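Structure record follows, encoded as structure tokens.
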Amino acid sequence: MLKLNVVIGLFLFVFGVNAQEQPPEKKQINIKHGANFTKDEANYPGASIFSRDSERQVEFEHQGATLWCDVAIFYPKENKLIAINNVRMQQGDSIQMDSGKLEYFGNIKLAKASKNVTLQSPDATLKTDTLYFDREKQESYYKHYGTIIDTSNVTTSKIGKYYMTTKKYQLLDSVKITNPDYKIVSDRMDYYTTSENVYMYGPTTITGKDYKMYCERGFYETKTETGYGIKNTRIDYDNKIIVGDSLYFDKSKKFASATNNITVTDTINNGVIRAHYAEVYKELDSVFATKKAVSISVMEKDSLYMHGDTLMVTGKPENRIIRAFRGAKFFKTDISGKCDSIHYEQKTGITQLITKPIVWNVDNQMTGDSIHLISNLETDKLDSLKVINNAFIISLDTIGKTGYNQAKGKNLYGKFVDNKLKIIDLVQNVEVLYYSYNDEQRLIGIDRSTCGKVNMIMENNEIDIITYYLKPSGITYPEGEEPEKGSKIEGFIWYGDQRIYTKDDIFDEDDKNYILPIIKGISNPIDIDAEEQERHKNENDPINNLPNSKAIRKRDAIKSTK
């Protein structure tokens with residue numbers, strides 16, 4: 001034993017000389033406990049071999065890191081160490097790495113660990129087959145699959161890099177996070193072990209118990225299950241599919257919002273909402289939309305487009321209500337209209353046009369204080385309409401092309417056949433003016449009549465049969481001989497220049513010229529580490545934990561309409 005200690009002492013002396021010869025920045029690896037010493041020049045030229053004794057492992061130290069192993073092959077000239085069996089490297093109180101084998105290069109402070117590697121930090125444990133640990137940069141990385149385990153999640157990937165300063169894992173290729181409440185599958189993401197926040201940089205799918213999100217760039221807070229996507233984003237949220245340039249959702253509040261080029265699809269009612277800003281309230285089964293907002297409902301293989309400055313869709317699928325506010329317009333192939341606001345109820349099939357409504361059906365213009373359109377719930381075809389108070393129907397004289405056929409009364413009731421207005425009943429204080437032609441389509445004169453009720457049968461969008469009831473009286477004036485203003489019933493206004501001919505006509509110039517806001521992060525890089533530090537710093541700030549007041553106001557507004 002004395003001889004062995006002498007050899008060790010001699011080695012330490014030589015080691016000390018070598019250490020003095022090294023440049024200051026390349027400090028020599030120190031032996032703290034060598035135990036059994038030998039050399040094998042045939043197989044390990046220039047190396048000193050140490051093995052554990054019955055009490056202790058071999059122990060080395062290098063610039064704040066300590067290493068233990070059963071066998072160590074040390075090359076003092078190269079300042080290189082190969083540790084074998086039950087290897088453990090400890091850096092301070094925070095990093096511990098266990099493996100079956102480790103190669104350590106002291107001059108560059110790089111360790112290569114292999115055989116069942118485990119890297120433990122205060123926030124997570126990493127397991128892999130081979131791990132590179134760069135102590136100079138405080139980074140470790142693996143190239144052939146690794147598993148990260150923390151208090152909440154199990155994360156796997158083919159390639160991974162751990163930044164110890166920011167406590168961030170950068171994960172590439174076949175990334176998967178598993179949690180009892182959700183799963184994340186991604187091509188690339190950054191995962192911060194302290195906050196357990198995830199930043200996605202490639203195709204990513206997050207599947208929760210009652211939602212599914214896809215994006216190609218975004219953020220997800222795993223502790224609260226909140227997140228956003230800012231590239232090719234989609235959320236499947238209950239019976240709705242939300243697609244947009246930027247999407248945000250909060251599981252606890254059962255809330256999602258979207259910005260720019262949004263489509264919200266109702267998978268039960270085959271309805272679609274498009275807009276540039278929308279909010280979805282899952283608990284209320286409701287959608288709020290604005291910025292060029294349009295609701296699209298499929299009716300008898302023909303879509304009904306409804307637009308307003310603001311759209312609200314509320315209620316369960318069987319009780320769905322759609323509201324359009326401020327400058328509301330709608331278009332369907334055979335009917336269109338405008339008013340201040342629209343109220344559509346799925347259960348009854350009634351669409352109410354409120355405040356200054358105008359409806360065009362083929363060549364007929366109808367106005368009144370309010371108008372109700374009633375659909376057949378089985379066929380989704382237009383069944384009938386009601387014009388309530390100050391009913392007025394006007395159509396261009398299609399033969400002469402200069403005058404207008406007109407009918408006015410208190411209320412109007414219409415019946416549709418194949419979506420065309422076929423039967424019209426006008427009641428109370430009825431006035432009628434229409435251009436009468438003979439069989440050769442030569443003008444006979446202008447008929448002007450009054451009565452208590454009139455029934456009109458339409459054919460080819462023109463009056464074919466007209467029947468007067470309740471004290472009818474009338475006169476026919478030859479063209480040019482009618483009294484002053486005789487070709488117009490009082491209250492006549494023709495809105496032909498405002499008529500909606502296509503689905504694009506429902507948008508005004510402000511809608512068409514709307515400039516989309518720039519979404520941060522799509523084209524401009526973000527300092528994610530700085531953003532994460534700021535987010536983590538503000539986690540305990542009570543102001544930042546207050547509910548979104550804007551969202552709460554809209555949610556309460558939706559509640560009040562139920």
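The values are calculated or read from the model by the stated rules, or taken from the named source; none is laboratory data. For clarity, every value in this text was computed on a predicted model and none was experimentally measured. Methodologically, a virtual Cβ is constructed for each residue, glycine included, from the backbone with ideal geometry; neighbour enumeration extends over all protein chains shown. Each accessible area value is taken on the protein alone, full model and side chains, heavy atoms only, with ligands, DNA and RNA left out. Shrake-Rupley method; radii C 1.70, N 1.55, O 1.52, S 1.80 Å.
Structure values in brief
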read-out: Close pairs (7 angstrom Cβ cut-off, 6 or more residues apart or separate chains): within 16 Å of E221 (Cα to Cα) in region 155-181, open to solvent by 60 Å² or more (accessible area, probe 1.4 Å) and part of a loop (DSSP other than H, G, I, E, B) anywhere; value: D181/K209
read-out: In region 312-328, the residues that are open to solvent by less than 40 Å² (accessible area, probe 1.4 Å) and either of a type in the set (A, V, I, L, M, F, W, C) or assigned to a strand (DSSP E or B) (or both); value: M312, V313, T314, I321, I322, R323, A324, A328
read-out: Residue match in region 195-207 (condition: touching a residue at least 40 places away in the same chain (Cβ under 8 Å), out of contact with any strand residue (DSSP E or B) (no Cβ under 7 Å at 6 or more places or on another chain), more than 23 Å from V313 (Cβ to Cβ) and not hydroxyl-bearing (S, T, Y)); value: no
read-out: Scan of region 372-393 for residues that are charged (D, E, K, R) and touching a residue at least 60 places away in the same chain (Cβ under 8 Å), ordered by number; value: D380, K381
read-out: Residues of region 398-410 satisfying the condition of being surrounded by fewer than 17 Cβ atoms within 10 Å (Cβ to Cβ) and either in contact (Cβ under 8 Å) with a residue 12 or more places away in the chain or within 47 Å of the chain's Cα centre (by Cα) (or both); value: T398, I399, G400, K410
read-out: Selection from region 37-54 of residues that are surrounded by fewer than 18 Cβ atoms within 10 Å (Cβ to Cβ) and not in a strand (DSSP E or B); value: K39, D40, E41, A42, N43, Y44, P45, G46, D53, S54
read-out: Test: residue in region 244-256 that is over 24 Å from K223 (Cα atoms) and surrounded by fewer than 19 Cβ atoms within 10 Å (Cβ to Cβ); value: no
read-out: Check on N419, of a type in the set (S, T, N, Q), open to solvent by less than 60 Å² (accessible area, probe 1.4 Å) and at pLDDT below 85; value: yes
read-out: K292 surrounded by fewer than 23 Cβ atoms within 10 Å (Cβ to Cβ), basic (K, R) and part of a loop (DSSP other than H, G, I, E, B); value: no
read-out: Whichever residue in region 112-138 is over 36 Å from the mean Cα position of the chain (by Cα) and among the acidic types (D, E) and, among such residues, is farthest from S152 (Cα to Cα); value: E136
read-out: Filter result for D190 (open to solvent by less than 20 Å² (accessible area, probe 1.4 Å), under 23 Å from Y211 (Cβ atoms) and either of a type outside the set (A, V, I, L, M) or without any contact (Cβ under 8 Å) to a residue 24 or more places away in the chain (or both)); value: yes
